[in-house]
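Peer 1: If you scroll down you'll find the structure; I have some questions about it.
The values are calculated or read from the model by the stated rules, or taken from the named source; none is laboratory data. As the structure is a prediction and not an experimental result, all values here were calculated from the model. FYI the Cβ positions are ideal-geometry reconstructions off the backbone, even for glycines, and counts take in every protein chain you see. Side chains included, ligands, DNA and RNA excluded: accessible areas come from the protein's heavy atoms. Shrake-Rupley method; radii C 1.70, N 1.55, O 1.52, S 1.80 Å.
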Amino acid sequence: MRDLLTILPKPNRYTGNEEGAVHKDPQAVDLRVALAFPDMYEVGMSYLGQTILQHIVNTRPRWWAERVFTPCREAGAILREYKAPLCSLESDTPLNRFDLVGFSITHELCYTNVLYMLDLAGIPLRAVIRRSPQPDGRPWPLVTAGGGCALAAEPLAPFIDIMFQGEAEESFPEFLELLETSRREGRSREEILQAASRIPGVYVPEFFEETPEGLRPLHEHHTRPVRRVVPDMNAAPYPESRPVAFGAVHNRLALEIGRGCTRGCRFCQAGVIYRPARERSTAELERLLETCLAGTGFDDVSFLSLSSGDFSALKELFMNTVDRCAAEQISVSLPSLRVGSIDDAIMERMAGIRRTGATLAPEAGTERLRRVINKGVTEEDLVLHIQKLFEHGWRQVKLYFMIGLPGETDEDLMGIVDLCRKARDAAGPGIKSMQITASVSPFVPKPHTPFQWEAQIPLPEIRRRISLLLDAFKKEKRLKLKWHEPDMSLLEGVFSRGDRRLAPVIERAYAKGAVFASWMDGFNLAPWLEALDEEGLRPEDYTGERALDAPLPWDHLSAGVSRDYLLRERENALKEKTVPDCRYGACSACGICDGKPGPSLLERLPGMPAEHKYRNILNKPQRDQESHRVDLDQYGRVVIRTEDKDSSGFPPAPPEHLTRKVQRLLVTYERKGPAVFLSQLEIQHIFDRALRRGGLAPTFSQGFHPLPLLSFGRALSVGVESEAEWFSIVLRERADLDTALAGLNKGLPGGLRVVRLEEIAVNAKIADPEQEVYEVRFVGPEEQRPGFLPAWEKARSAEHLPFVRETKKGLRSVDLRPLLAGIEPLGEATVRLTLDWRTGYLSPPVLCRAVLAESGADHAPQHLLIAKKDPQGA
């Protein structure tokens, strides 16, 4: 794939040279793993689960985990056109040369992307075909899957060799040890899978067959796969250094503070499959914060959890983190906050950091329906929380709702409108510039939840309910409605509770071009419906109500909660009966922790310490330090009251600490190899992080969002090499030049290197050079080379070179000849250009292609290598 970077869209997705990327000698490793994310790079690089697994594998000297993401449609077409296989990012190795290709399955609409990636890699889609070796005699890589969907991914079963159930921090390396030994000893695929099926948390789909009573194991020794759980979060591996993405959706330090949620929302699959609730200690989190910031240079920290507001020592953690980060202008955010889960002190401190939009999830419009789903949020709670947000300066609030919940009526729908009105009115008459946005999504019943037997409302009814809401919102000021695409929700509903009969449907839909089904851009339900019809299936076969005594496609897998618990909670929903959070109230006897009526999931795990087998130990909330006291309010929420620590207000850093100007450095850097595919904006972000990693103290601008005082020279186009680009940085503390040079080069992406530092006057103004030297080399087809030098000779002898280009203001004509101060041939395929910018500037690649086109030569962009030379010969 590296040979095609110049023609691939957004080529930096495929270079694999990010800061923190792990590169090893392929000849020095015994086991090679490709961690595949079935979505685009920008999405996958934000997924912490894959990063954790990559870290675990790469800590072993003789194992190497590389990354691969789904190419966009245009990139996939280019790979097919040039018959190039899909390769890993770090080493550009075709996927069929790996020992294992492991997919992270985070949602059901990515299933065809799994087939798309296997197909582009030249790997047979069906596991049964991969039993035979490759044409060269090598075994096919084992194809595995893990993630939240792996507990009910039967539509993918015929394509996957192994599915990891639950948290894979322990089961994945256990299996890799088995695989490494098996490869060395020459064991067959069948022997490997048989041995793997004995590892707790490992599910081998081909060892289970369909019967009228559901899926059953082929042999007695194939026991029911049980979800694996990491009992001690403090001991769980965590990547203190990691690849820092180029342009990811969430390019920040995601610090996982805990897992699991025991609130018991009946619609929530994550609340079941990530039980029990576990937390990292504040001491461990503060240690991780220091090491992760030093290893990445991020300027944004986000606490990651299913419900970060339920972290039992949140106030202590947040206040200490904010105090530590404020001096370095590092932002701290708390996503996934529950209504009423933070107090005024935290809210005020958050407001001092930033006032972007706030998001809350009441889920239903009426208290009756919130009792049905066991949400535990009252209207009074919600309105009071929003009122406090407005008081602290927030002006945009988004409220998430579901429509189509069991038992929902039109009155409940109108309750959404009424609740949004009350949220708006909480701002009071003095606040005008505010917005309440209601975001609604059709409810999809999920496996392993109390609603797994319920029907999903039909597509026409979803659209009617959205239309009803839309008409009501049109009459309201400062209220806005957004909704999730109903067609996508229908498809999600089909595959969420699907069985193996859907496997050929996935194949057929993929053959019809159905990829990236979770992206609105290009989404089309028609090929899916056609594929279902061709297999004699209907959406209603999967979205309809399920009989309570009928087998479910995931009954042979254990998520840890008992069937009795789910049925009991379903009955509570019908009675509109709420159940308190079991971390602080009575045990709900779900089956995860306390062994009722039989051995709990935790007791069935190997090597589980006795003290971790009981709910009152494992789920016990940690206490804050002595200066805090943890209490519960009348709703069972954690209230942390500060007794002797003043935490009111957000203490701004002293102006002189941030804005003083002590030293200014002129930094000259080169950009070669894979770094030529970085944009100027990405270069700026990289050096911003390099300053933090290198221990330099930049001066910040003033204003609400202070930024380091970096000033970059003229930007080069993506794809142009350079020996002499520059930026200047103002420091608030003096730095030794040699130490600063080493610090800036620490962890830079491959091909990007600082070559020179000079101290200049603090208030000096630096102008871009009037002339620059470039070398242009032709690397295209041999038959086109003879026309290269004559084109430049013609340009050198021309008096004028008119060129018409499209601008924002329309067509503009420019004479290129004054820009060409010198044209010097350097052999048959290279010229040195001296470009003069005093009469104007034009991108060198555009200028070169214009000159060659004017001469009649046909040279595509990928046929030219353009490099800016360093006049100082660095």
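Conditions (1) surrounded by 21 or more Cβ atoms within 10 Å (Cβ to Cβ); (2) aliphatic (A, V, I, L, M); (3) at pLDDT 90 or above, marked per residue:
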{"residue": "PHE246", "(1), (2), (3)": "yes, no, no"}
{"residue": "ASN251", "(1), (2), (3)": "no, no, no"}
{"residue": "ARG266", "(1), (2), (3)": "yes, no, yes"}
{"residue": "ALA270", "(1), (2), (3)": "no, yes, yes"}
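Peer 1: Checking the structure you have, find out if any residue of the stretch 189-204 is over 35 Å from the mean Cα position of the chain (by Cα), within 13 Å of PRO139 (Cβ to Cβ) and open to solvent by 50 Å² or more (accessible area, probe 1.4 Å). Spell out how you get there, then give the answer.
Peer 2: Here is the first cut: in the stretch 189-204, the residues over 35 Å from the mean Cα position of the chain (by Cα) are 191.
This time we only want the ones that are within 13 Å of PRO139 (Cβ to Cβ), so: 191.
Okay, now just the ones that are also open to solvent by 50 Å² or more (accessible area, probe 1.4 Å), so 191.
Within the stretch 189-204, one or more residues are over 35 Å from the mean Cα position of the chain (by Cα), within 13 Å of PRO139 (Cβ to Cβ) and open to solvent by 50 Å² or more (accessible area, probe 1.4 Å).
Peer 1: Quick check on GLY147: is it in contact with a Ser or Thr (Cβ under 6 Å, 6 or more places away or on another chain), open to solvent by 10 Å² or more (accessible area, probe 1.4 Å) and of a type in the set (Gly, Ala, Ser)?
Peer 2: Yes: the conditions hold for GLY147.
Matching residues to (1) of a type in the set (Phe, Trp, Tyr); (2) at pLDDT below 90; (3) within 28 Å of PRO871 (Cα to Cα); (4) surrounded by fewer than 20 Cβ atoms within 10 Å (Cβ to Cβ):
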residue	(1), (2), (3), (4)
ALA675	no, no, yes, no
ILE683	no, no, yes, no
PHE687	yes, no, yes, no
LEU691	no, no, yes, no
SER701	no, yes, no, yes
PHE704	yes, yes, no, yes
LEU707	no, yes, no, yes
SER711	no, no, yes, yes
SER722	no, no, yes, no
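Peer 1: Still on this structure: Cβ-Cβ distance below 9 Å, separation of 6 or more or different chains: which pairs start in the stretch 374-386 with a residue that is in contact (Cβ under 8 Å) with a residue 12 or more places away in the chain and end on one that is part of a helix (DSSP H, G or I) and among the polar types (S, T, N, Q)?
Peer 2: As it stands, the answer is ASN374/ASN572, since those pairs meet every condition given.
Peer 1: Residues of the stretch 1-50 being over 19 Å from ILE78 (Cα atoms), touching a Leu at 6+ places or on another chain (Cβ under 9 Å) and among the polar types (S, T, N, Q), which ones?
Peer 2: Once the filter is applied, which keeps residues that are over 19 Å from ILE78 (Cα atoms), touching a Leu at 6+ places or on another chain (Cβ under 9 Å) and among the polar types (S, T, N, Q), the stretch 1-50 yields ASN17, GLN50.
Peer 1: Regarding THR59, is this residue modelled with pLDDT of 95 or more, at negative phi and open to solvent by 10 Å² or more (accessible area, probe 1.4 Å)?
Peer 2: yes
Peer 1: For VAL383, which of the numbered conditions (1) assigned to a loop (DSSP other than H, G, I, E, B); (2) hydrophobic (A, V, I, L, M, F, W, C); (3) open to solvent by 30 Å² or more (accessible area, probe 1.4 Å) fails to hold?
Peer 2: Single failed check for VAL383: (1).
Peer 1: Which condition from (1) open to solvent by 70 Å² or more (accessible area, probe 1.4 Å); (2) of a type outside the set (Gly, Ala, Ser); (3) within 30 Å of VAL730 (Cα to Cα); (4) assigned to a strand (DSSP E or B) is the one that LYS765 breaks?
Peer 2: (4)
Peer 1: Among all residue pairs at least 6 apart or on different chains, which show Cβ distances below 7 Å where the first residue, located in the stretch 90-108, is within 20 Å of SER518 (Cβ to Cβ) and in contact (Cβ under 8 Å) with a residue 12 or more places away in the chain and the second is open to solvent by 30 Å² or more (accessible area, probe 1.4 Å) and of a type in the set (Ser, Thr, Tyr)?
Peer 2: SER104/TYR47; THR106/TYR47; HIS107/SER518
Peer 1: Go over the candidates VAL332, VAL272 one by one and state the one that is touching a strand residue (DSSP E or B) at 6+ places or on another chain (Cβ under 9 Å), among the β-branched types (Val, Ile, Thr) and not in a loop (DSSP other than H, G, I, E, B).
Peer 2: Details: VAL272 fails: touching a strand residue (DSSP E or B) at 6+ places or on another chain (Cβ under 9 Å).
Among VAL332, VAL272, only VAL332 is touching a strand residue (DSSP E or B) at 6+ places or on another chain (Cβ under 9 Å), among the β-branched types (Val, Ile, Thr) and not in a loop (DSSP other than H, G, I, E, B).
Peer 1: Something else about it: Taking the conditions exactly as written (at pLDDT 95 or above, more than 26 Å from ALA157 (Cα to Cα) and either open to solvent by 10 Å² or more (accessible area, probe 1.4 Å) or touching a Gly at 6+ places or on another chain (Cβ under 7 Å) (or both)), does SER104 satisfy them or not?
Peer 2: So SER104 fails the test.
Peer 1: Would you please list the contacts, defined by Cβ atoms under 7 Å and residues six or more apart or on different chains, that run from a residue in the stretch 411-438 that is farther than 16 Å from LEU360 by Cα to a residue that is open to solvent by 70 Å² or more (accessible area, probe 1.4 Å) and not in a helix (DSSP H, G or I)?
Peer 2: So the pair list comes out as SER433/ARG395.
Peer 1: Now for a different question. Of VAL754, VAL776, which residue is open to solvent by less than 60 Å² (accessible area, probe 1.4 Å), closer than 19 Å to LEU842 by Cα and within 45 Å of the chain's Cα centre (by Cα)?
Peer 2: VAL776
Peer 1: Quick one: which of ALA150, ALA157, ALA168, ALA127 is touching a Phe, Trp or Tyr at 6+ places or on another chain (Cβ under 7 Å) and more than 29 Å from TYR82 (Cβ to Cβ)?
Peer 2: Checking each option against the conditions leaves just ALA150.
Peer 1: Here's something else I'd like to know. Identify the single condition in (1) at pLDDT 95 or above; (2) in a loop (DSSP other than H, G, I, E, B) that THR15 does not satisfy, given that it satisfies every other one.
Peer 2: The number of the failed condition is (1).
Peer 1: Can you name every residue in the stretch 232-241 that is buried (at least 20 other Cβ atoms within 10 Å of the Cβ) and in contact with an Asp or Glu (Cβ under 9 Å, 6 or more places away or on another chain)?
Peer 2: The one that is buried (at least 20 other Cβ atoms within 10 Å of the Cβ) and in contact with an Asp or Glu (Cβ under 9 Å, 6 or more places away or on another chain): TYR238.
Peer 1: Taking LEU176 as the residue in question, decide whether it is in contact (Cβ under 8 Å) with a residue 40 or more places away in the chain, surrounded by fewer than 24 Cβ atoms within 10 Å (Cβ to Cβ) and of a type in the set (A, V, I, L, M, F, W, C).
Peer 2: yes
Peer 1: Also, quick follow-up: Can GLU759 be described as among the acidic types (Asp, Glu) and surrounded by fewer than 16 Cβ atoms within 10 Å (Cβ to Cβ)?
Peer 2: Working: among the acidic types (Asp, Glu): yes; surrounded by fewer than 16 Cβ atoms within 10 Å (Cβ to Cβ): yes.
In short, yes.
Peer 1: Okay, next question. Would you please list the contacts, defined by Cβ atoms under 8 Å and residues six or more apart or on different chains, that run from a residue in the stretch 109-127 that is without any contact (Cβ under 8 Å) to a residue 40 or more places away in the chain and within 17 Å of ALA157 (Cβ to Cβ) to a residue that is open to solvent by 10 Å² or more (accessible area, probe 1.4 Å) and hydrophobic (A, V, I, L, M, F, W, C)?
Peer 2: What qualifies is ILE123/TRP140; PRO124/TRP140.
Peer 1: Determine which member of the set ARG753, ARG692, ARG734 is out of contact with any Leu (no Cβ under 6 Å at 6 or more places or on another chain), part of a helix (DSSP H, G or I), basic (Lys, Arg) and under 28 Å from SER331 (Cα atoms).
Peer 2: ARG692
Peer 1: Which members of the stretch 88-137 meet the condition of being touching a helix residue (DSSP H, G or I) at 6+ places or on another chain (Cβ under 9 Å) and assigned to a strand (DSSP E or B)?
Peer 2: LEU100, VAL101, GLY102, PHE103, SER104 - these are the residues of the stretch 88-137 that are touching a helix residue (DSSP H, G or I) at 6+ places or on another chain (Cβ under 9 Å) and assigned to a strand (DSSP E or B).
Peer 1: Where the second residue is β-branched (Val, Ile, Thr) and the first is under 15 Å from LYS446 (Cβ atoms) and lies in the stretch 487-514, which pairs have Cβ atoms under 6 Å and are six or more apart or on separate chains?
Peer 2: SER489/VAL444; GLU492/VAL444; GLY493/VAL444; GLY493/THR543; SER496/VAL444
Peer 1: Against the conditions (1) farther than 18 Å from THR839 by Cα; (2) in a strand (DSSP E or B), where does ARG805 fall short? Just the number, please.
Peer 2: (1)
Peer 1: Next question. Only one of ARG832, ARG796, ARG785 is open to solvent by 40 Å² or more (accessible area, probe 1.4 Å), under 24 Å from ALA675 (Cβ atoms), in contact with a strand residue (DSSP E or B) (Cβ under 7 Å, 6 or more places away or on another chain) and not in a loop (DSSP other than H, G, I, E, B); which?
Peer 2: ARG832
Peer 1: Also, quick follow-up: Just to be sure before I move on: is SER441 within 19 Å of HIS107 (Cα to Cα), among the polar types (S, T, N, Q) and open to solvent by 10 Å² or more (accessible area, probe 1.4 Å) in the structure I sent? Quick ask: steps written out before the conclusion?
Peer 2: Values: within 19 Å of HIS107 (Cα to Cα): yes; among the polar types (S, T, N, Q): yes; open to solvent by 10 Å² or more (accessible area, probe 1.4 Å): yes.
Judged against the criteria, SER441 is a match.
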